[in-house]
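**Student:** To start, I am sharing the structure in question, which I have written as structure tokens.
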Amino acid sequence: MTDIQNGNGLAAAEKFYAQYGSRARELKASGKKVIGYLSALGPVEIMTAAGVLPIRLKGNVSEAVTKGDAYMETIVCPFVRNVFDAAVKGKYDFLDGMVLPHQCDSIDRTNETWSYTLNLPYWHFLNLPHVADDPSIAFTQEILRIFVRSLEKYTGNKITDEAIAKAVAAHNQNRKLMRDLYDLRKSNPPLISGVEMMKVCVAAMSLPVEESSALIESVIKEVKGRAPAAGDPAAKRIMIIGDQIDDIAVIEAIESTGAYLVMDDLSTGSKMYWQDVDATPDPLRGIAERYMRKLKIPTTFIGSAPTYQGILEERFGHMKNYVQDFKVDGVILFIYKYCDPYGFEVPAIKSYVEAAGAPVLYLEDEYSTSSLARIKTRIEAFLEMIA
Amino acid sequence: MAEEKKGRAVATSTAASIPKFVRGNLSATLKAKEEGKKVAAAFIADGQDEIMRAMDIVPAWGESFSGVCAAKRDAEKYLQKAESDNFSRSLCTYATCNIGFDMMREELGHAPEGAPWGGMARPDMMLGNGQLLCDPRFKWPQATQHYQQDVPVFVTNMYYPPWDPSGDHHEVEALYVKYAKEELHETVKFCEKITGKKMDWDRLAATVELSDKTWDLFIDTYELRKHHPTPMDTGDAMNTMVPLTFNLGTQEAYDFYVSLKAELEQKIKDGVGVANPEKYRVIWAAGLPSWFALGDFQYFNGKGVVFPVEVTYRGCEKVERLDLPKTNDPLEHIAWRWVRYWTHWYDAAKKRPGSTPKVERIIEYIEDYDCDGAVFHSAFSCRSWHAGIMQQAATLKKVYKDIPILIMEGDIVDISSYNEADTHNRIDAFIETLAAYKAKKG
Ligand code: SF4
Ligand code: SF4
């Protein structure tokens, strides 16, 4: 990681994006254990505290699922299938293990397909609840404790509360830095493009937390040095909402039309960074609360407010804030086929965000570039409409 | 789900009474208002049945309603209605069919014309469950609330330990039971708030006891199907599951199985089987059926193939086999029953390297019911039961025997991808494999 010096963060991000997992491979060669995870529910703090490298797994939108077809049904979320296919093809042959969170049917119901096919030395299904009431938070703490114990057993090292607290601080710092970088998208034109930002986000999730923070810091310095930004101040400012978008293909499709992608509510993007873990006497409590209550993802049921409007604010209020803070002109709601958790939210998100002042284009797609031309046409028509 | 246009003649006369149950459940929701009862949109296999029954809350089963629409081949207009507000066709069609219906009822102020048996009443509450079973169980109520904004949603959460061959589920069962019990308490609190009535705990205890008895009777009845020739097959079971699945905790459900058991005993005595002659016995190893094509079971039967056992809708076990710890708290009992229902195949799976509880369950049934092959149905709109089927089929072959397996592809509600001729061709090919397998087996 010696090549990240101040001022060349974007080039480093580009490298880690293009050669995804290269750092994990290096660290593995030097004796570090590498554990893969699949979604925003992967408790990175605990993995960091265990001394292993957590790496969020991504697929490849340009590569068709082939080998994976022999094991996993086509009704499974296309993202999950694509990552599984990559794993079966050996792209993640540096993994020592994986933790699959209980997130959605596509992940839960294929847990055994993953574990029995890949047959990695370490496997853990993290049985997180879908509800965030008080008994569920206490339960989550216990589920995290089981995870801690299983990692201890696997690594042979005790994971102390102090180590967890330290990892929490390191990941909070990482999140803060990323938020600082997101802030640079608020100007018009934004100081960093959506494509660049996606590369940084993807690179960041493949690195040890300190290196990820160093990378972000470096990008911030570099990007700040660009001010004042050049570009068309009248171009439309777009936000994207969705789950596992970890490739620049869609972002390029948006920005090639002349629009700016200035914000996201993606589980690979802002969702990972907007909410910190509170320091609590039992550090697992703070982690449980962050993942269950603060992280607003559709797989956790939220609905305690007394009115429907109140419930919508609880669920989607952050999207309204983003629209205002990032001066968003239009929103693209990008949902994968076969995704029940996000799919059932589409009408509610669409009407809520539109009421907040930003028109919404809903796109249902595969995790594949094969449909990109159609997607681009729809985006162009949308931009014309909001022009 | 019990009445289909393509008339599948049920083999047992008891099963013929099922449409009455289904209709009764739907019309109970419509009558509830006159009777001063509250209606809850609810889901099967959520562990909440007894709470509702003990509190006189009338369940409105969306899954049943969608199944009926599918069986009548009348779901398309509801699916299209949901699609018109951007619900994807790839989502669970039980949910989207029902949401489409709810959307229409809200717009019209009454059930749409031609809704099966008058449709379902507008609920006073929606009870979901974010369990290990399926996403729509908590996303669907939330989605419906968008159109019925004044109807409160409560989502409970009932989990069971995940299968982990390297761990010991016995160590964590108590944690799961504690959590499930607490969540059931939350459900009771919510229901008390909506109904304005306190839970009658003695009545709940009696209801739970009745459910236990029904579970036992159901298994005793179904185990009669081990007989050669089998007196009842899965085609009927897709009907006879209704009382257990939708009317648990009621006397009618219990009485239904008393009659069914008597009829099966009589058939065995008379030597009457589903197929004549019965050539091949096959397990329905996973998957909800295509409600619009239940006639396919008859097609199998016509060729001498019977299904003496199925995994689908067998949501119970003899209670004594679960070895439940004694408790006076009915909610704790429900919680233990729930957790053990799922984990009681784990020990068997541990004993067979490479196996899983789901596969172990299939093996147990294959052996107990003397089956020669397995049929799975992979319905495209429900990941919950249908993702992971390929893995189960492969594991079954690997850890057990290289038995003939057929994985059918289709849907539960959406008829658009169904082709009868193709399906029958695939069934014919499967039967040829069965014949070859049996000939080899001798
Ligand atoms: S996109 Fe949807 S189905 Fe896919 S992993 Fe995310 S939540 Fe699950
Ligand atoms: S996803 Fe499957 S299990 Fe869940 S409600 Fe739909 S059909 Fe039923």
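**Student:** When all alpha-carbon pairs of the range B:15-441 are counted, what percent fall beyond 32 Å?
**Tutor:** 37
**Student:** Using Cα springs under 10 Å in a Gaussian network model of chain B, which residue among B:PRO112, B:PRO141, B:PRO353 shows the largest mean-square fluctuation?
**Tutor:** Per the Cα network of chain B with a 10 Å cutoff, B:PRO353 tops the list.
**Student:** Describe numerically, in nm with one decimal, the distance between label points set 7 Å from Cα along Cα→Cβ at A:ALA18 and at A:ASP282.
**Tutor:** 4.8
**Student:** For A:TRP123, which sequence-distant residues (separation of 5 or more, or a different chain) have an amide H within less than 5 Å of its own amide H, given hydrogens modelled in the peptide plane?
**Tutor:** It is A:MET98, by chain and number.
**Student:** Using Cα centres only, tell me the gap between the range A:4-47 and the range A:344-374 in whole Å.
**Tutor:** The range A:4-47 and the range A:344-374 have Cα centres separated by 30 Å.
**Student:** GNM on chain B, C-alpha springs below 10 Å: top fluctuator among B:LEU210, B:LEU406, B:LEU91?
**Tutor:** Checking each option, the largest mean-square fluctuation is seen for B:LEU91.
**Student:** Quick one: which residues, 5+ away or cross-chain, put their amide H under 5 Å from the amide H of A:LEU361? H built at 1.01 Å from N.
**Tutor:** A:VAL331, A:ILE332, A:LEU333
**Student:** Something else about it: Taking chain A as a Gaussian network, where each spring joins two C-alpha atoms under 10 Å apart, which residue of A:ASP85, A:ASP96, A:ASP325 fluctuates the most?
**Tutor:** It is A:ASP325.
**Student:** Roughly how far apart, in whole Å, are the Cα centres of the range B:83-140 and the range B:276-344?
**Tutor:** 26
**Student:** Now, a different point. Indicate the gyration tensor shape class of the range B:11-57 (rounded, prolate or oblate), computed on the Cα atoms with a ≥ b ≥ c the square roots of the eigenvalues: a/c under 1.5 is rounded; otherwise a/b larger than b/c is prolate and the rest oblate.
**Tutor:** Since a/c reaches 1.5 but b/c is at least a/b, the shape of the range B:11-57 is classed as oblate.
**Student:** From the phi angles alone, apply the Karplus equation (6.51, -1.76, 1.60; θ = phi - 60°) to the range B:424-430 and give each ³J(HN,Hα) in whole Hz, x where the residue is Gly or Pro.
**Tutor:** 5, 4, 5, 5, 4, 4, 5
**Student:** Give me the extension gain from B:ARG352 to B:ALA206: residue separation times 0.36 nm, minus the current Cα-Cα distance, reported in nm with one decimal.
**Tutor:** 48.6 nm
**Student:** What are the trypsin sites (Lys or Arg not before Pro) within the range A:112-169 that DSSP puts in a loop, where the Cβ has at most 11 other Cβ atoms within 10 Å?
**Tutor:** Taking the range A:112-169 and a limit of 11 other Cβ atoms within 10 Å, the loop trypsin sites (Lys or Arg not before Pro) found are A:LYS158.
**Student:** Okay, moving on. For the range B:15-441, with the dipole built from +1 on Lys and Arg beta-carbon atoms and -1 on Asp and Glu ones, taken about the Cα centre, which of B:THR312, B:THR250, B:TYR418 lies farthest toward the positive end?
**Tutor:** Working it through, the farthest residue towards the positive pole turns out to be B:TYR418.
**Student:** Treating only the Cβ of Lys, Arg, Asp and Glu as charged (+1, +1, -1, -1), what charge dipole size does the range B:15-441 show about its Cα centre? Round to the nearest 20 debye.
**Tutor:** 440
**Student:** Given a Förster radius of 45 Å and the C-beta distance between B:ALA16 and A:GLU380 as r, what FRET efficiency does 1/(1 + (r/R0)^6) yield to the nearest 0.05?
**Tutor:** The formula returns an efficiency of 0.15 here.
**Student:** Then there is this: Using θ = phi - 60° and the Karplus curve 6.51 cos²θ - 1.76 cosθ + 1.60, what whole-Hz ³J(HN,Hα) does each residue of the range A:209-216 get, with Gly and Pro shown as x?
**Tutor:** Taking θ as phi minus 60°, the curve returns 4, 5, 5, 4, 5, 4, 4, 5 Hz for the range A:209-216.
**Student:** Based on alpha-carbon centroids, what's the gap between the range B:152-196 and the range A:186-260 in Å, whole number please?
**Tutor:** Distance between centres, Cα-based: 42 Å.
**Student:** Separate question: Check B:VAL153: other-chain or 5+ apart residues with amide H under 5 Å from its amide H, H built from backbone geometry?
**Tutor:** Answer set, sorted by chain and number: B:MET126.
**Student:** List, in order, the whole-Hz ³J(HN,Hα) value for each residue of the range B:269-275 obtained from phi through the Karplus relation with A = 6.51, B = -1.76, C = 1.60 and θ = phi - 60°; use x for Gly and Pro.
**Tutor:** My calculation for the range B:269-275 gives 4, 7, x, 8, x, 6, 10 Hz in order.
**Student:** Next question. Within the set of other residues whose C-beta is less than 12 Å from the C-beta of B:LEU127, count the net charge using Lys and Arg as +1 and Asp and Glu as -1.
**Tutor:** Around B:LEU127, the charge tally is -3.
**Student:** Could you work out the relative contact order of the range B:15-441? I mean the mean sequence separation of Cα pairs under 8 Å and 6+ apart, divided by the number of residues, in percent.
**Tutor:** 17
Computed from the coordinates by the stated procedures, all read-outs in this text should not be read as laboratory data. In this text the structure is predicted, and so the values were computed from the model without any measurement. Glycine also receives a Cβ, built like all others from the backbone with ideal geometry; neighbour counts cover every protein chain displayed.
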